[in-house]
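First the structure, in the form of structure tokens, and then the observations on it.
The values are calculated or read from the model by the stated rules, or taken from the named source; none is laboratory data. This structure is a prediction, so every number in the text was calculated from the model and none was measured. With ideal geometry, Cβ positions are generated from the backbone for all residues, glycine too; neighbour counts draw on all protein chains shown. Note: accessible area is taken over every heavy atom of the protein model, side chains too, but ligands, DNA and RNA are not part of it. Shrake-Rupley method; radii C 1.70, N 1.55, O 1.52, S 1.80 Å.
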Amino acid sequence: MTTLLIDVFLLLLLVITAIGAVAVRSLLAATLLLAIYSLLMALVWVSLQAVDVAFTEAAVGGGISTVLLIATLVFIGRREAPAPLIHWPSAAAVVITGAVLIYGTLDMPRFGDPQAPPHQHVAPHYIAHAMEETRVPNFVTAVLASYRGYDTLFETAVIYTAGLGLILLLRGARARRRERRR
Amino acid sequence: MMFTAAGAAVLIAILLFLMRALLGPTAFDRILAVNAIGTKTVVFVALLGFMAGRPDFLDIALLYALINFIATLAVLKFVEYRHLD
């Protein structure tokens, strides 16, 4: 009961924050509201006992994204160009997509149902044999680092390549700016 | 019971800070609101951990405190100097 109340309250705060981030004119304020959104979302994840997801949400959404958005504001300025609050074609697209997604969730198994297909496939094997097969005491870690080892390895390679590309691009931009100043 | 009361107090505090972040009026009000919500998040994660009987959530609460600091630093630097490097 308490958990349900907490979840509903947090989700309510999330909706208020999201509407505020869209409605507010100052881009700095919108960035700060998005940081708040991430912190609240992380709380929702913790409340759902998905601590590792909450970790990622807080690090990426609350930390890195805020810094990246602020870095963007350095280039584009702090004020949004005046525009009507609701852009009707986009609003219609969002409402229709949302309705389709909600319709899709109607077919999903009940929340926390132990008979749901994801809990019947490979999960029992991991739970029963992860320790003897991988020697990793935590099975989320065992799945990520051992059973899905290649997946994680190449994910890391992708992120490394993206980071490398970004550094090279930004370096070039900075050198050009310095050149222009001279 | 004690944890529930504390949790309710923290959630109401978050609501009040959210109002401050939405209403402004200056950038500093909003930055302070974000920072305060970050602090309340740390407290609430710790509280949820003890409510669920998993006190190891405390480590995550500590991580949040660190992340909160980085974002606030970047925002303040931008407001003060208009660039990050």
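Where the second residue is open to solvent by 30 Å² or more (accessible area, probe 1.4 Å) and the first is over 13 Å from B:LEU15 (Cβ atoms) and lies in region A:1-18, which pairs have Cβ atoms under 8 Å and are six or more apart or on separate chains?
Going by the 8 Å Cβ cut-off, the qualifying pairs are A:THR2/B:THR4; A:THR2/B:MET51; A:ASP7/A:LEU48; A:ALA18/A:TYR37.
Go through region A:154-167 and give me each residue that's aliphatic (A, V, I, L, M) and either open to solvent by less than 70 Å² (accessible area, probe 1.4 Å) or at pLDDT 90 or above (or both).
A:ALA157, A:VAL158, A:ILE159, A:ALA162, A:LEU164
Mind checking which residues of region B:33-56 are facing chain A (nearest Cβ under 10 Å), in contact with a Phe, Trp or Tyr (Cβ under 9 Å, 6 or more places away or on another chain) and farther than 20 Å from A:GLU57 by Cα?
Correct list: B:MET51 only.
Looking at this structure, is B:THR26 over 16 Å from A:LEU34 (Cα atoms) and either polar (S, T, N, Q) or at the interface with another protein chain (Cβ under 8 Å from one of its Cβ atoms) (or both)? I'd like the intermediate steps shown before the answer.
Details: over 16 Å from A:LEU34 (Cα atoms): yes; either polar (S, T, N, Q) or at the interface with another protein chain (Cβ under 8 Å from one of its Cβ atoms) (or both): yes.
Judged against the criteria, B:THR26 is a match.
Would you kindly identify the helices (runs of 4 or more DSSP H) lying entirely within region A:109-166 that contain at least 3 residues that are of a type in the set (A, V, I, L, M)? Even if it seems obvious, please write down each step before you answer.
On the way: elements: A:117-120, A:123-134, A:139-142.
So the answer is A:123-134.
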